[in-house]
Structure formats: structure tokens, C-alpha cells
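Some notes on the structure that comes next.
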Amino acid sequence: HLRDLIGDVLELARIGAGEATLVEEDLNLDSIIADSLGAIDARAQAKGVTLNFCPSATRVRSDGRCLRRIFDDVLMHALRSTPAGGGIVIELFEERAGGLMLSVIDGGAGMTPSEVSAALQPVGAPAPAERADTRQLSLALAKAFMELQGGQFFIEAVPGSGTAACIYLPPRSVRRSA
């Protein structure tokens, strides 16, 4: 875990210094999401958490390594937050302007506005003890990765009602069928 933490700090420093480079490629978004879901499937089954995603045949232009990392981290946070017997849903919406909004919605306890703010900061005070296992740099890194790609990453949450991690890909990143 220490090596991962150090790697996250260095990655954030590279992005902040403008030294990070993207390797954009045309990608099948369903494959990236399916790979990330596959990485947590055994843990989700053991916990009795259902994973719901309806493939959409969407293609995007993005950095595959960064996008996969974002989904891995967001889904792991969602799994940690969702109680046994709960569910995680991934929804995709194409916006009128042509961008793509992806939401990973968990069935957890939700977050207060101050917890959301703290979770998106690369440094700061640790979260309360009941959320300490999810306090990592990964959400701040997801936000930085999306902004580097011209997108957005934000969290919508209501205490007691779960959390939605939202990933927005701008129109230039969404590939249309010919």
C-alpha cells in the first residue's frame, strides 16, 4: 500500500507540474468498464453486492491506462461503501452537447458535503474513522486525470442515500458510429 500511495503522490505531482503526458487512443468503453468490474467481481460476490451495467457499444478517445485506473479506483470505493446485499450501478448518459456522463452509484451511507470536499483533495485531514478505509488519494487522482483529459470528475452524495461518482468525457472524446 505504501508503494501505491507514493506512486499516487508522484502522479499528482507530475500532473500538477504539467509534466504528465496522455496516450490517447480509440477505446471500447464497455471493455474498460467490464475489465474493472471483473477486477472486483469476486469480492462483490463474496459480499453479496450486485454489479449492474448495461453495455452501450460506446467508443471514446482517451488515455486507456488513466481511464481504467479511474474505473478501478471508483468501483473499489463503491464496493467498500456498499453494505452486504446492496448494489452498484453504472449508468451512461449522452448529453445534448455530445459529451458523455458516466455515474458509478453505490448503495452506501452517502457522504456529507465536507466529506466529498475532503475526498477530492490531494492532501488534507483524514476522513472520520468510519470512512478511514476509503480515504486515499485515488479520488483526487481520478479528478486530476479527468481534468488532464479535458473532462470532469465530481461526486454527488446525500448522507444516508449513497454516492454517485460522476465521470464526464467531453464531446471531443466521444466517438460516433459511422
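The values are calculated or read from the model by the stated rules, or taken from the named source; none is laboratory data. Computed from a predicted structure; not experimentally measured. Don't worry about glycine lacking a Cβ; one is built from the backbone with ideal geometry, like all the others, and counts go over all protein chains shown. Calculation scope for accessible area: heavy atoms of the full protein, side chains included, ligands and nucleic acids excluded. Shrake-Rupley method; radii C 1.70, N 1.55, O 1.52, S 1.80 Å.
Could you please find all residues in segment 17-28 being farther than 15 Å from ARG175 by Cα, out of contact with any Gly (no Cβ under 9 Å at 6 or more places or on another chain) and open to solvent by 70 Å² or more (accessible area, probe 1.4 Å)? I'd like the intermediate steps shown before the answer.
Of segment 17-28, the ones farther than 15 Å from ARG175 by Cα are 17-23.
Then keep just the ones that are out of contact with any Gly (no Cβ under 9 Å at 6 or more places or on another chain); that gives 17-22.
Once the filter is applied, which keeps residues that are farther than 15 Å from ARG175 by Cα, out of contact with any Gly (no Cβ under 9 Å at 6 or more places or on another chain) and open to solvent by 70 Å² or more (accessible area, probe 1.4 Å), segment 17-28 yields GLU19, THR21.
All but one of (1) out of contact with any Phe, Trp or Tyr (no Cβ under 9 Å at 6 or more places or on another chain); (2) more than 20 Å from ALA140 (Cβ to Cβ) hold for PRO113; which doesn't?
Failing condition for PRO113: (2).
Just to be sure I understand, how many residues within segment 43-66 are touching a strand residue (DSSP E or B) at 6+ places or on another chain (Cβ under 7 Å), within 15 Å of GLN149 (Cβ to Cβ) and in a helix (DSSP H, G or I)?
1
Quick grid of which residues meet (1) in a loop (DSSP other than H, G, I, E, B); (2) aliphatic (A, V, I, L, M); (3) crowded, with 18+ Cβ neighbours inside 10 Å; (4) modelled with pLDDT of 90 or more:
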| site | (1), (2), (3), (4) |
| --- | --- |
| GLN121 | yes, no, no, no |
| GLY124 | yes, no, no, no |
| ALA132 | no, yes, no, no |
| LEU139 | no, yes, yes, no |
| LYS143 | no, no, yes, yes |
| MET146 | no, yes, yes, yes |
| GLU156 | no, no, no, yes |
| PRO159 | yes, no, no, yes |
| ALA165 | no, yes, yes, yes |
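Report whether or not PRO83 is in a loop (DSSP other than H, G, I, E, B), open to solvent by 40 Å² or more (accessible area, probe 1.4 Å), closer than 26 Å to VAL116 by Cα and in contact (Cβ under 8 Å) with a residue 12 or more places away in the chain. Break it down stepwise before answering.
Working: in a loop (DSSP other than H, G, I, E, B): yes; open to solvent by 40 Å² or more (accessible area, probe 1.4 Å): yes; closer than 26 Å to VAL116 by Cα: yes; in contact (Cβ under 8 Å) with a residue 12 or more places away in the chain: yes.
Spelling it out, PRO83 is indeed in a loop (DSSP other than H, G, I, E, B), open to solvent by 40 Å² or more (accessible area, probe 1.4 Å), closer than 26 Å to VAL116 by Cα and in contact (Cβ under 8 Å) with a residue 12 or more places away in the chain.
Restricting attention to segment 96-106, which residues are open to solvent by 20 Å² or more (accessible area, probe 1.4 Å) and either within 15 Å of the chain's Cα centre (by Cα) or of a type in the set (S, T, N, Q) (or both)? Let's see the steps before the verdict.
First, the residues of segment 96-106 that are open to solvent by 20 Å² or more (accessible area, probe 1.4 Å): 96-97, 101, 105.
Within segment 96-106, MET101, ILE105 meet the criteria.
Listed residues SER31, SER36; which is in a helix (DSSP H, G or I), open to solvent by less than 50 Å² (accessible area, probe 1.4 Å) and either touching a strand residue (DSSP E or B) at 6+ places or on another chain (Cβ under 6 Å) or hydroxyl-bearing (Ser, Thr, Tyr) (or both)? If you could, list the steps in order and put the result at the bottom.
On the way: SER31 fails: open to solvent by less than 50 Å² (accessible area, probe 1.4 Å).
Residue meeting the stated conditions: SER36.
Every residue in segment 1-12 that is open to solvent by 60 Å² or more (accessible area, probe 1.4 Å) and either at pLDDT 85 or above or in a helix (DSSP H, G or I) (or both), please. Please lay out each step first, then the result.
Of the residues in segment 1-12, the ones open to solvent by 60 Å² or more (accessible area, probe 1.4 Å) are 1-6, 9-10.
If the condition is that a residue be open to solvent by 60 Å² or more (accessible area, probe 1.4 Å) and either at pLDDT 85 or above or in a helix (DSSP H, G or I) (or both), then LEU2, ARG3, ASP4, LEU5, ILE6, VAL9, LEU10 are the ones that fit.
Only one of these is more than 19 Å from the chain's Cα centre (by Cα) and under 22 Å from LEU120 (Cβ atoms): ALA84, ALA17, ALA57. Name it. Write out each step before concluding.
Working: ALA84 fails: under 22 Å from LEU120 (Cβ atoms); ALA57 fails: under 22 Å from LEU120 (Cβ atoms).
So the residue among ALA84, ALA17, ALA57 that is more than 19 Å from the chain's Cα centre (by Cα) and under 22 Å from LEU120 (Cβ atoms) is ALA17.
Report every pair of residues separated by at least 6 positions or lying on different chains whose Cβ atoms are under 9 Å apart, first residue within segment 42-56 and open to solvent by 90 Å² or more (accessible area, probe 1.4 Å), second assigned to a loop (DSSP other than H, G, I, E, B).
From segment 42-56, the pairs are ARG43/VAL49.
Of the conditions (1) assigned to a loop (DSSP other than H, G, I, E, B); (2) surrounded by fewer than 19 Cβ atoms within 10 Å (Cβ to Cβ), PHE93 fails just one. Which one is it?
Exception for PHE93: condition (1).
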